[in-house]
Amino acid sequence: MTKRIVHDHHHDGIDRRGFLECMAWVGTGIAWTVTGGVLSSRVFGQDSGQTKKGDFTFVQISDSHIGFSKEPNKDVVGTLRATVDRINALPAQPELLIHTGDLTHLSKPDEFDTVNEVLKSAKVGRVVYVPGEHDVFSDDGKQYLDRYGKGTRGLGWHSFDHKGVHFVGLVNVANLKPGGLGTLGTDQLDWLKRDLAGKADSTPMVVYAHVPLWTVYAKWGWGTEDSEQALGYLKRFGSVTVLNGHIHQIMQKVEGNATFHTARSTAFPQPEPGQAASPGPIKNVAADKLRGMLGLSRVDYKENRGALAIVDATLDGAAKDG
């Protein structure tokens, strides 16, 4: 069972025939593995082979919106703690935790303090961040950069290598207007070109940013207007995984050797593209259903296999590989 977007007639990342199939991935229990740009699936928990030297796991969480206190989730701290509990219960300790933005809802100091307090209990090797628009809009990112900006450029973009994989954190929320597309800007794109220049084509790439780097739904600003240039720099690499948040739901796209994956929020779900007048929290979610719409992503890397297997888990215990 393999589903992927293959008919992009409008060049906006949406397959008009396969779109509903894409949305049906939300909440299912399927594992997706990317090998040479081809998406294949397996049931979560199915044996994928013995761990070999060089293998490692990392987790992605997104959109914790600490400070949000309305329906459908008046306890976003509680659901973030539940996410950390799920991370700490993984069979192997993740070596990295990537938060893809909107740590806070109003970028207040006490909200950042709460995020730090909760995430310091996560049993992971290292935590890295990129900001969402909610982390920077009230003070141009001063609070965010004071806490997480060390060793980064601009509004927080950065890169590093880990066990043969090159990780790149991009920032596409500077001056983001409601309903507007994200932007990377010339300075960041020039930096990215230089950053990638010395890397071999065979280097696995993991790129992460808050707003999707492919156009999920332009009408709601779910895309990045100058992402094409960034993705052009990445085309020569044999394995590229792009992780995003912002839209609070799972969507995936495969294009060439790249797979694009957006994550659930740990705070609240948003409507499917075009299925409401505007984006925003889905308010009429029953309390017993909410945790099935929130979650985290785990990514397993196996050295020399050219594949990253993305496993999504909801806070109610269900899991899906992606």
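The values are calculated or read from the model by the stated rules, or taken from the named source; none is laboratory data. As the structure is a computational prediction, the values presented were derived from the model and not from experiment. Methodologically, a virtual Cβ is constructed for each residue, glycine included, from the backbone with ideal geometry; neighbour enumeration extends over all protein chains shown. Just so you know, the surface numbers come from the protein's heavy atoms only, side chains and all, with ligands and any DNA or RNA stripped out. Shrake-Rupley method; radii C 1.70, N 1.55, O 1.52, S 1.80 Å.
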Discussion item. Could you tell me how many of the residues in the stretch 94-145 are in a strand (DSSP E or B), open to solvent by 10 Å² or more (accessible area, probe 1.4 Å) and of a type outside the set (A, V, I, L, M, F, W, C)?
Written reply: 1
Item to complete: Answer yes if at least one residue in the stretch 202-209 is over 16 Å from Gly238 (Cβ atoms) and within 21 Å of the chain's Cα centre (by Cα), and no otherwise.
Response: yes
Worksheet item: Restricted to the stretch 224-249, and to residues that are among the small types (Gly, Ala, Ser) and in a loop (DSSP other than H, G, I, E, B), which residue is most open to solvent (accessible area, probe 1.4 Å)?
Response: Gly238
Discussion item. For the stretch 129-152, give me the residue count where each residue is within 20 Å of Leu96 (Cα to Cα) and of a type in the set (Lys, Arg).
Written reply: 2
Practice prompt. Please specify each residue of the stretch 146-172 satisfying the condition of being within 19 Å of Pro204 (Cβ to Cβ), in a loop (DSSP other than H, G, I, E, B) and open to solvent by 30 Å² or more (accessible area, probe 1.4 Å).
Written response: Lys163, Gly164
Practice prompt. Report whether or not Ile61 is closer than 26 Å to His158 by Cβ, aliphatic (A, V, I, L, M), assigned by TED's automatic domain parsing to the domain that holds Ser265 and at pLDDT 90 or above.
Written response: no
Worksheet item: Only one residue in Asp190, Asp195 is part of a helix (DSSP H, G or I) and surrounded by fewer than 16 Cβ atoms within 10 Å (Cβ to Cβ). Which one?
Response: Asp190
Response to the item:
Flagged in the stretch 190-235 as hydrophobic (A, V, I, L, M, F, W, C), touching a residue at least 12 places away in the same chain (Cβ under 8 Å) and farther than 30 Å from Ala276 by Cβ, in numbering order, are Trp191, Leu192, Leu196, Met205, Val206, Leu234
